[in-house]
There are 4 protein chains.
Amino acid sequence: MSGNTFGTLFRITTWGESHGCAVGVVIDGCPAGIPLDDADIQKELDRRRPGQSEISTQRREEDRAEILSGVFSGNTTGAPISILVRNKDVDSSKYEELRNTPRPGHADLTYELKYGFRDWRGGGRSSARETVGRVAAGAVAKKILAIHDIEVLGHVVELGGIRAKPVSIDEIYENAEKNPVRCADPEAAVEMAAMIHAVRSEGDSIGGIVEVIAIGVPAGVGDPVFDKLSAGLAHGLVSIGAVKGVEIGAGFGSALMKGSQMNDTIAIRDGKITTITNNAGGILGGISNGEPVVCRIAVKPTPSISKEQHTVDMRNMEEARIKIKGRHDPSIPPRIVPVAEAMVALVLVDMMMRGGFINTSRTG
Amino acid sequence: MSGNTFGTLFRITTWGESHGCAVGVVIDGCPAGIPLDDADIQKELDRRRPGQSEISTQRREEDRAEILSGVFSGNTTGAPISILVRNKDVDSSKYEELRNTPRPGHADLTYELKYGFRDWRGGGRSSARETVGRVAAGAVAKKILAIHDIEVLGHVVELGGIRAKPVSIDEIYENAEKNPVRCADPEAAVEMAAMIHAVRSEGDSIGGIVEVIAIGVPAGVGDPVFDKLSAGLAHGLVSIGAVKGVEIGAGFGSALMKGSQMNDTIAIRDGKITTITNNAGGILGGISNGEPVVCRIAVKPTPSISKEQHTVDMRNMEEARIKIKGRHDPSIPPRIVPVAEAMVALVLVDMMMRGGFINTSRTG
Amino acid sequence: MSGNTFGTLFRITTWGESHGCAVGVVIDGCPAGIPLDDADIQKELDRRRPGQSEISTQRREEDRAEILSGVFSGNTTGAPISILVRNKDVDSSKYEELRNTPRPGHADLTYELKYGFRDWRGGGRSSARETVGRVAAGAVAKKILAIHDIEVLGHVVELGGIRAKPVSIDEIYENAEKNPVRCADPEAAVEMAAMIHAVRSEGDSIGGIVEVIAIGVPAGVGDPVFDKLSAGLAHGLVSIGAVKGVEIGAGFGSALMKGSQMNDTIAIRDGKITTITNNAGGILGGISNGEPVVCRIAVKPTPSISKEQHTVDMRNMEEARIKIKGRHDPSIPPRIVPVAEAMVALVLVDMMMRGGFINTSRTG
Amino acid sequence: MSGNTFGTLFRITTWGESHGCAVGVVIDGCPAGIPLDDADIQKELDRRRPGQSEISTQRREEDRAEILSGVFSGNTTGAPISILVRNKDVDSSKYEELRNTPRPGHADLTYELKYGFRDWRGGGRSSARETVGRVAAGAVAKKILAIHDIEVLGHVVELGGIRAKPVSIDEIYENAEKNPVRCADPEAAVEMAAMIHAVRSEGDSIGGIVEVIAIGVPAGVGDPVFDKLSAGLAHGLVSIGAVKGVEIGAGFGSALMKGSQMNDTIAIRDGKITTITNNAGGILGGISNGEPVVCRIAVKPTPSISKEQHTVDMRNMEEARIKIKGRHDPSIPPRIVPVAEAMVALVLVDMMMRGGFINTSRTG
């Protein structure tokens, strides 16, 4: 079960289980000289924290981040930054009865088959709680990107078939964080919230689509062939639990297009080479072209639902039925937004370091 | 421009430019004792070779593979397998005039911005000719998978809005290679071919969707968190030029679903734990569950079109118009099928080696 | 300052500074099903712990290990194992005055030049305290090796010119841990201890040589060319602070030998192919041959000495003199033994996983 | 048998067997814009080429390098550089009889045990012929270093107990390449040559020590903890066949020293912080300090000797005797000099790229 490290020069390693004593991350490769304190991390952790609205899980976690290393006198030193978050509101009682009956749509069965032994409490390592480390590390990545005037912002663009109208980047800034579904189209946001209420009351859940945009990425980021920026983003984003697809720019829409529609016209604006449209999503041949980098992920409905489901009892090898009682989000997209932003930020910092855009030793 | 190596334990490195003297690949990590000769490689190269039908580019390449190392007495030795393919039918004359006017939708501009100097002949390193190395390596990966009774097969499921009807795996085997579009639905295949003819006659091109299925993958392949099998597939598939999206199982369709629809019911069939449906695409929590692994890629329309397009002259920094004259496929999906299969095979072998499913030193 | 991760399939990431709040390690890639508790870690940490005898630094650390993840019901789960050790006896007062005057032989100057900002307290990240994480991870590696009947043991073979007589493996088991210098030759141990007392009373320090032997390593471990077992060991061992050289088997002695002396005669003993001598140190062509793997490291004298030394004041760019007052070991070899063992164990587990000798997912 | 790739950002992959049709290397990560032609590679290949003097093997290889990719109009493009060298003077007749009787000191036995099947002709992949790829890649690395005013030069400092007198860097430049043993002390060179003649006439071989110095390395190269510059050099150098040890600066000599002797006094010279001595070998805490980087390797005697040796017949599992008849160097150190230089150059370029000292995309 190697596989808990991500990145080449800017490299994070996450650890921890849903119902263990803590979760955390070690960030290796952060340059020296960046102002950093617990509050920088906390701000992002608070965005993914559960229990904040009635549309998310009712597990109550403070998610208090403690920086254990790598920071001295308020600045990073270049040494690895270890961040610890204690688990507080752990209730494993609901899981005891699910030990032998893998939940459909969950990793219970695959972990059991792979490892032959697993921490069944709250999903163990496969829980969404694993993303705490990603978001904490993403907070550091975002600070580095901010030095280079790059911002990463995400929003929900579709949920259970309800589509947000197309929005400008300003509208995302303005509106996305103002409603619990993180949709930048206020009207669609209301509908989406209603949809979430409805599926929850049915004991069900619902999927959706999240878009992440990186603004200010310079041209030239990404390496050809296997380490394309797009491939790195795909890797990072699909590594998030519940993500079943990713697309860049026009994405699956490009399958319907002709070359004359898809190709972004190249022009000169303000003395700079630019493209008129951005079907490429800011990436051509795997390398950023200076336009906003645009990606979207397909998020499946939460597999934990209280409706009765058919499964098997692995011990007795007989069919069984379960109703899942734990505390779960009825819809993941709103809470996955900061996680997806984190992954995009992590990929960008790593690729920019590899390309010489960000100094690996020190800032400034 | 590191980035030409893919994989951890089964690792390939590709090299070569479209109009250079040769292209090739080094395959490192192939176990000893596998029967291998040029014909094994050739079979797959012939599937991606240009000039085979009127719907592909008219560049004529024999694509004759020469194995330079790693094979002794007809068997692999465990040493790196170096494969060389000489470029024969090179005609750079059409590109000279495009040196300073980057083709929209191409990597010309991004390579220029990144490297400040580039091989502009035929797209240089960013040409689809780069995939020769992937396919040659994929042929070796497929031989390894075959030993473990795993098969990887791809087909075109959509092209310019024309959708193939749902097909069984038997129908893919039966029909996909029988028509030049590689569509397993014969009727849709005819429509797709007509569509390709139409766009070509307009001097245009068209996008589509390719599906790749891996049959026989045992449960337990893939590592949690960042090295999920799904994330590895996403990385590998999006690293192919022209791919703008990837999805696993229900993919973007899962965004429309409720948990009760998406979750695959777990059941016992023939004394084995299985799932009734396969919305998961054979992967849960990043780990294979024993069902077929199903992924699809969105392929954009060929950016090289003969219709006039607007671009800029980089030397004089003024706007310009171009008509691209080279020899190009009007639609990439049919020829990308063997490339996508190769990437899926490469990811599977590497992940299976990491998980101990395939011995890294010797077979049998 | 990436560089805090070691290994490919069995991968550790260490973090923490000498005078920060804690040090620790995340171990990724440990198979599921291995019994593990704090005491397993503690046993090894206690071997490297300071303040145990009068020949080591007087810093008093309990070095209490806390396992934060990856263990459930007393067994590893395959998830990353995060281990935390709080720093207790921190006294930075002696270092304030050394902030601008880099200590000769230390990393003070190189960190300053590289990062432009550093945690100067107790050497920060470059302190020997960094090895706590290595030893904790090594304890886990040793448990894995024990399952495969492999043992790793180290001892001091030379110190300040005093050479231990050649000893058998039994004598190492018997004697090495019985004296504070960890020398398996009891008489030499007494002389070495006297030497350490002498140099300390002079305000000086002394170097030495440590040997580590791995017994029970099967034939076939290590990969050819760049990932030779010997190269991996060299990498791991030279990455330990204060190590200025490494040798395998006859090592530098082989420079004096003829082929007819160096070559180990191959013979059959008890129906098994074996070698009569072991000048190869158990490794030929980078691959283990089934004989004990033998390596030795050259350990420089502790750079922190209380004798007056010449250096520079970096702030004023003028020459300066310093006397270092902190608490330091007058000789590193005795305490480096468990660290070197840990590195050898980590390299072996990783290489054995890569070679398919150890299952990466589960034991048994 | 993965393990044929070296480096992180500047990454080489070598391939080929001693008696196969060719050997070669792919260099990935070379920045664009560096003038490069076959002659640059040839110059270094000629230094390692066999058959040049009576003290080396009489195999006659032109070792003609052909650059197949990555260079356009005389300059690197950033794309992978594939270099091919055909094997010409192959004579496998002497090896047929050694198929089942592993040569003592060779990798025959370990490859057989690991892979169960091997190319026994001329040592196959484990032959010194594998170093052609290293040297070709090293030639490119040296060109990159030269742009940064860094030079790497090696010489033989000891051979069979004959020690060269200490020499200045100027003397190495002046003398090392003027005699077939590559010793910078002309008198010792004569003695060493005589020694080589003597052992050859006995049907024996002899070991020695090679020193490599890198001049002009800026301060700050190397990463802390596991990716120390010293650890990278140790990895790279010990990965060369026949190398049984490596040391940095005072190396094993530091085991005899007191701190007050070992510590290099820090001083100001010409307004720059420097050290008076260089026992550290230019590296402190794993990071370069701006002084020359000095390393030495222990090279074992050639295992192929014509004296009769005892071994086993693996087929019949009975003891046997062999006399090795192929063409072999009676002493490796003279010919390993360019190989060791290549490895040092490769490590430096990679580490300097990781540290931001060398741009990964383009020069200038």
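The values are calculated or read from the model by the stated rules, or taken from the named source; none is laboratory data. Computed from a predicted structure; not experimentally measured. Counting neighbours? That spans all protein chains shown, and the Cβs are built from the backbone with ideal geometry, glycine included. These area figures cover heavy atoms from the full protein model, side chains too; ligands, DNA and RNA do not enter into them. Shrake-Rupley method; radii C 1.70, N 1.55, O 1.52, S 1.80 Å.
Rounded to the nearest 100 Å², what is the sum over both chains of accessible area buried where A meets B, with a probe of 1.4 Å?
Counting protein atoms only, the buried area is about 7600 Å².
FRET efficiency for A:Met317 and B:Ile147, Cβ-Cβ distance as r, R0 = 22 Å, nearest 0.05?
0.15
Less than 19 Å apart at the alpha-carbon level, and either on another chain or at least 8 residues along: which lysines does that give for B:Lys142?
Output for B:Lys142: B:Lys43.
Kindly point out which whole DSSP H helices in chain D project their C-alpha atoms 30 angstrom or further along the helix axis while averaging a Kyte-Doolittle hydropathy of -0.5 or above.
Counting only whole DSSP H runs, the qualifying helices are D:333-354.
Report, please, the projected area of chain B averaged over directions, based on the convex hull of its C-alpha atoms, in nm².
19.1
GluC sites (Glu not before Pro), restricted to segment B:251-335: which are DSSP loop and have at most 15 other Cβ atoms within 10 Å?
B:Glu308
In a GNM of chain A with a 10 Å cut-off on Cα contacts, which of A:Val157, A:Val199, A:Val85 has the highest mean-square fluctuation?
Greatest mean-square fluctuation among the candidates belongs to A:Val199.
Keeping every protein chain present and rolling a 1.4 Å probe, give me the accessible area per residue for the protein assembly as shown in Å².
Averaged over the residues of the protein assembly as shown, the accessible area is 30 Å².
Testing the spin-label approximation: label points 7 Å from Cα along Cα→Cβ at B:Arg60 and D:Glu62. State their distance in nm.
Going by the 7 Å Cα→Cβ label model, 3.2 nm.
Scaled to the compact-protein estimate 2.2 N^0.38 Å, what is the alpha-carbon radius of gyration of the protein assembly as shown, rounded to two decimal places?
With N residues counted in the protein assembly as shown, Rg over 2.2 N^0.38 Å equals 0.89.
Would you work out the charge dipole size for chain B about its Cα centre, treating the Cβ of every Lys and Arg as +1 and the Cβ of every Asp and Glu as -1, and quote it to the nearest 20 debye?
560
D:Ile276 label point, 7 Å along Cα→Cβ, cut-off 18 Å on backbone N: hits in segment C:93-131?
Under cut-off, by backbone N: C:101-106.
Give me the percent of the accessible area of chain A that comes from carbon and sulfur atoms, probe 1.4 Å, all protein chains in place.
49
Quick one: which of A:174-180, A:287-293 comes out on top by average Cβ neighbours within 10 Å, and what's the full order, highest first?
A:287-293, A:174-180
Given D:Lys94/D:Lys323; A:Lys88/B:Lys228; C:Lys114/D:Lys272, which pairs have Cα atoms separated by over 19 Å?
A:Lys88/B:Lys228
Taking every residue in C:124-134, how many Cβ atoms of other protein chains lie within 10 Å of its Cβ, on average?
Across the residues of C:124-134, the mean count of other-chain Cβ atoms within 10 Å is 3.
Can you show me the helix-derived [θ] at 222 nm for chain C, built from DSSP H runs with n ≥ 4 at -39,500 (n - 2.57) apiece and divided by the number of residues, rounded to the nearest 500.
Calculated mean residue ellipticity at 222 nm is -8000 deg cm²/dmol.
Please report the spacing between the Cα centers of segment D:158-222 and segment A:216-270 in Å, no decimals.
55
With a 1.4 Å probe on protein heavy atoms only, tell me which residues of segment B:342-364 lose at least 40 Å² of accessible surface in the complex relative to the chain by itself.
B:Arg354, B:Thr360, B:Ser361, B:Arg362
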